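First the structure, in the form of structure tokens, and then the observations on it.
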Amino acid sequence: MKKKILVTETIPNSVRDMLEAEVSVKEWGNSKQMPREELLEMIGEFHGLLTSKDKIDQELLQAGTNLEVVSNISVGYDNMNVAAIKEAGILATHTPYVLDETVADLIFGLILSVARRIPELDQYVKQGKWTKAIDLPEFGHNVHSKKLGIIGMGRIGEKVARRASLGFNMEVSYYNRSRNQKVEQALGVTYQSYNNLLQDSDYILLMTPLTNETHHMINKEAFEKMKENCFFINASRGAVVDEKALITALEKKQIAGAGLDVFEQEPIERDNPLLTFSNVVTLPHIGSATAETREEMKKYAAKNILQALRGEKPDALIKELQ
Ligand code: DGY
């Protein structure tokens, strides 16, 4: 008898065909998140779960008495309690590599949007405010030749560094737990201490994954160290930043603005003060959200779940289970 998997995301036909060739597939079939109670009620009958946002914790693992693998359609897996997964003795996978260039493109979009005030000035034109030649009140800031500091020099950080250095002639530095000699040599990127990077950069990009150690890593003290003309960009996870401290830094004009693809609460609440700043560009977590890349991610996640259910080692087993 075929093993059974539950899919709580929408999937294209190509992925459905791939899965159905080997397993029996039950789709939630809705772009809204599956209600937790329903998931807990159903999970017991499935061997695999293909997801991206569901919380994989002890409660779910206990309910998932037949569960052998959870396959995340994302590179980040902060929705998973890795210790509980280890204890349950099941596998967990994610989708690295296939989204790196796409997320790096988006990060450059955020940098340019916030520096050149693109969304704000788009509204200015559409609202009929462009009645004379624009002047100082509408001017933005240069991106090329400025200093970019990247916190978290992983695969995506590297792709951003390449765009910044070769495309925009930026002076790129980074802070990471370990040195990335490859990117230093290839692109002339320099390593800086955390504090120096905060104090020195014109643009700061946060790309650190969310873990217990990085939760609220960018806090009041960090914002106080940044330059007044610094733009802060976050495309990792909202909770790596203490959002209250970010709001205070913006209110006090301690930084020049922010470009945010991620938030502590997603979808963002309508009364979040971040939505009131004209110098903050907000996006609905679209780092990897292109039609091509999301399809690739779903294929990769499907491949991972099938490998696990065949008893093979999945290509993208999370590193804690390697
Ligand atoms: C991921 O895959 O973790 C990204 O945040 C999606 O945009």
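What follows draws every value from the coordinates through simple rules; no lab data is involved. The model shown is predicted, which means the values in this text are computed figures rather than measured ones. Every residue, glycine among them, receives a Cβ derived from its backbone with ideal geometry; neighbour counts consider all protein chains shown.
Could you tell me the largest-minus-smallest coordinate of the C-alpha atoms of segment 72-130 on each of the three principal axes, in descending order and whole angstroms?
62, 20, 16
Provide the per-residue ³J(HN,Hα) series for segment 134-147, in order, calculated from phi with Karplus coefficients 6.51, -1.76, 1.60 and θ = phi - 60°, each as a whole number of Hz, with x at glycine and proline positions.
5, 9, 2, x, 9, 5, x, 10, 5, 10, 4, 6, 8, 8
Quote the charge dipole size of the chain about the Cα centre in Debye, to the nearest 20; the model charges only the Cβ of Lys and Arg (+1) and of Asp and Glu (-1). Intermediate values should be presented prior to the final figure.
Details: 39 positive and 45 negative charges, 139 e Å.
So the magnitude is around 660 debye.
Test of understanding: what is the full-extension gain from THR65 to HIS215, defined as 0.36 nm times their sequence separation minus their Cα-Cα distance?
Fully extending the segment from THR65 to HIS215 adds 50.9 nm.
If packing is taken as the mean number of other Cβ atoms within 10 Å per residue, what is the order of 135-141, 227-233, 207-213, 146-152, highest first?
The densest-packed peptide leads the list: 146-152, 227-233, 207-213, 135-141.
Take each of the peptides 25-31, 166-172, average the number of other beta-carbon atoms within 10 Å over its residues, and list them starting from the highest.
Per-residue mean Cβ counts within 10 Å order the peptides as 166-172, 25-31.
How big is segment 195-236 on each of its three principal axes, counting only the C-alpha atoms and giving the largest first in Å?
Here the Cα extents, ordered largest to smallest, are 29, 19, 14 Å.
Mind checking which helices in the chain clear 15 Å along their axis (Cα) and have mean Kyte-Doolittle hydropathy of 0.5 or more, DSSP H runs only? List each step's numbers first, then the result.
Working: long enough: 100-116 (24 Å, 1.08); 291-309 (27 Å, -0.76).
Helix filter hits for the chain: 100-116.
Run the quick spin-label model on ALA133 and ALA289: label points 7 Å from Cα toward the beta carbon, then report their separation in nm to one decimal.
For the pair ALA133/ALA289, the computed spacing is 3.9 nm.
Rounded to the nearest 5, what % of DSSP beta bridges with both residues in the chain are antiparallel?
Close to 5 percent.
Using only the Cα atoms of segment 212-322, what do you get for the radius of gyration and for Dmax, in Å?
18.1, 56
Using helices alone, what [θ] at 222 nm do you get for the chain, with -39,500 (n - 2.57) per DSSP H run of 4 or more residues, divided over all residues and rounded to the nearest 500?
Per the formula, -9500 deg cm²/dmol.
So which aspartates and glutamates can LYS147 reach, going by Cα to Cα under 20 Å and dropping same-chain residues fewer than 8 places off?
Partners within reach: ASP105, GLU158, GLU171, GLU184, ASP200, ASP202, GLU224, GLU228.
Would you list the P(r) distribution for segment 1-129, with all Cα-Cα distances sorted into 5 Å bins from 0 and each bin expressed as a whole %?
Values per bin, smallest distances first: 2, 9, 16, 18, 15, 10, 8, 7, 6, 5, 3, 1, 0, 0.
When the expected Rg is taken as 2.2 N^0.38 Å, what fraction or multiple of it is the alpha-carbon Rg of segment 253-313?
Compared with the compact-globule rule of thumb, segment 253-313 sits at 1.71.
Calculate log10 I(q)/I(0) of the chain for q = 0.10 Å⁻¹, where I(q) comes from the Debye formula with a single equal point scatterer on each Cα and nothing for solvent.
Cα-only, vacuum Debye calculation for the chain: -0.63.
Residue by residue through segment 79-86, what is 3J(HN,Hα) from phi via Karplus (6.51 cos²θ - 1.76 cosθ + 1.60, θ = phi - 60°)? Round to whole Hz and write x for glycine and proline.
In residue order, the calculated couplings are 6, 9, 8, 5, 4, 5, 5, 4 Hz.
Rounded to whole Å and ordered largest first, report the semi-axes of the equivalent ellipsoid of segment 1-60 derived from its Cα gyration tensor (root of 5λ).
So the equivalent ellipsoid measures 19, 14, 8 Å along its semi-axes.
Would you mind checking the radius of gyration and Dmax of segment 132-282 based on alpha-carbon positions, in Å?
15.4, 52
Identify the GluC sites (Glu not before Pro) of segment 244-300 meeting these criteria: DSSP loop state and at most 12 other C-beta atoms within 10 Å of the C-beta.
Here the GluC sites (Glu not before Pro) that fit, given the DSSP loop and packing criteria, are GLU269.
What span do the alpha-carbon atoms of segment 131-200 cover on each of the three principal axes, reported in whole Å from largest to smallest?
Over segment 131-200, Cα extents along the principal axes are 52, 25, 17 Å.
Sequence gap at least 6, Cα distance under 8 Å: using those rules, report the relative contact order of the chain to the nearest whole percent.
18 percent
Using the per-residue mean of other Cβ atoms lying within 10 Å as a proxy for protection, in what order, highest first, do the peptides 121-129, 154-162, 53-61 fall?
Going by the mean number of other Cβ atoms within 10 Å, highest first, we get 154-162, 53-61, 121-129.
Quantify how much of the Cα-Cα distance distribution of segment 171-255 extends past 23 Å, in percent.
In whole percent, the long-distance tail amounts to 21.
When the Kirkwood radius is taken over all Cα pairs of segment 84-217, what Stokes-Einstein diffusion coefficient follows at 10 °C and 1.306 mPa s, in µm²/s? Don't jump to the answer; show the numbers that get you there.
Numbers: Rh = 17.0 Å.
Using the Kirkwood radius from Cα pairs, D works out to 93 µm²/s.
Checking the cross-link filter: which lysines have an alpha carbon closer than 29 Å to that of LYS4, excluding same-chain neighbours under 8 positions apart?
LYS26, LYS32, LYS53, LYS55, LYS86, LYS298, LYS299, LYS303, LYS313, LYS319
Return, ordered by residue number, the residues of segment 251-293 whose backbone nitrogen is under 18 Å from a label point located 7 Å along Cα→Cβ of TYR124.
Zone members listed by number: 256-259, 277-282.
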